[in-house]
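Attaching a single structure in structure tokens format; questions to follow.
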Amino acid sequence: MTYSGSNPYASENPYEGEKTTGNSVDFFGQLESLKDDLSDYNGLISHLQQLQISALNAVGVEELGNIKSQISNTTQNLRSAQSDEIKPKLEELFKSCEGDTDKQNQALNMRTQFQQAIKRFLEVDDAYNQSNLNKAVEQYQIVNPNSSYDEAVDFVNQVGDQQVFDEAIAMQNRKGEALGVLDEVKARHQEMLRTLQQTAELNQLLTDLQDLIFEQDEVFDTANENIYKAQDKLERADANVIKARDHAKKGRKWRWILFWVVVILICAIVGGVVGGVVGSRH
């Protein structure tokens, strides 16, 4: 018998190897694309940080307004990148792992890098928010130097209270300067509100990322849950069988007790009747 050079145990499907290779190519292509997106994302965060520094050093409402516009555009680019590009690609990457441990580890590493970038974004925004508050407090205390830090903070947080500011203007008799300060305080307060809203969105994104799981993990968990349910039903059934058996034993026991009670009663009645008859004859 002669053998050809081919492997007699090889798969009969000629496309199986191509499919596996194709899936790997897709996975690593997605991985590289995600790496590029994360690099751009981190670059945008650095650019945003520089713009925020410029905003804090801005002199006057007009300059601050121009920088705020750039900050808004950069922030929008960051939000689009994280929601429309990185997160969907990361979700797709998780689906492409197909139970491969190495691929899963790389996907988890990309998720960690994304989470770290988001946390950096949060830290940058938090620092900017605090600096804006301090700057607004300083501006308010220019026109109302007798105010305490807490009073100034309260004013910034309730910047719409025109009466409070008007009183400060009247006390210092510096109306022109005070109005300019009020506009700047309002602008910085708006930035604070924007960053607070953004912080909430970023925290929600972190939560969503933490909930990402591999598809086979979900299947495995479902299978485990079904096993646990089946096992629980079996245990309940066993318990019911044991209870039924115990009831049957008790039932048989009481039937025998009742039987012997009846026998004893019959014997007693018969004995009484016989005794009565014998006594009457004597």
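The values are calculated or read from the model by the stated rules, or taken from the named source; none is laboratory data. Source: prediction; values computed, not measured. Cβ: placed from backbone, ideal geometry, glycine included. Neighbour counts: every protein chain shown.
Kindly check whether there is at least one residue in the stretch 59-69 that is at negative phi, in contact with a Phe, Trp or Tyr (Cβ under 6 Å, 6 or more places away or on another chain) and among the small types (Gly, Ala, Ser).
No, the conditions are met nowhere in the stretch 59-69.
Still on this structure, please answer the following. Condition check: within 22 Å of VAL25 (Cβ to Cβ), surrounded by 14 or more Cβ atoms within 10 Å (Cβ to Cβ) and basic (Lys, Arg). Does LYS68 satisfy that?
The answer is no for LYS68.
Is it the case that some residue within the stretch 70-84 is among the small types (Gly, Ala, Ser), part of a helix (DSSP H, G or I) and within 30 Å of LEU182 (Cα to Cα)?
Within the stretch 70-84, one or more residues are among the small types (Gly, Ala, Ser), part of a helix (DSSP H, G or I) and within 30 Å of LEU182 (Cα to Cα).
Filter the stretch 98-157 down to the residues that are outside any helix (DSSP H, G or I) and over 33 Å from the mean Cα position of the chain (by Cα), then identify the one that is modelled with the highest pLDDT.
SER148
For the stretch 109-127, which residues satisfy the criterion of being of a type in the set (Lys, Arg) and over 17 Å from LEU51 (Cβ atoms)?
Residues satisfying the conditions are ARG111, LYS119.
Considering each residue of the stretch 83-99, count those that are crowded, with 16+ Cβ neighbours inside 10 Å and charged (D, E, K, R), and give that number.
3
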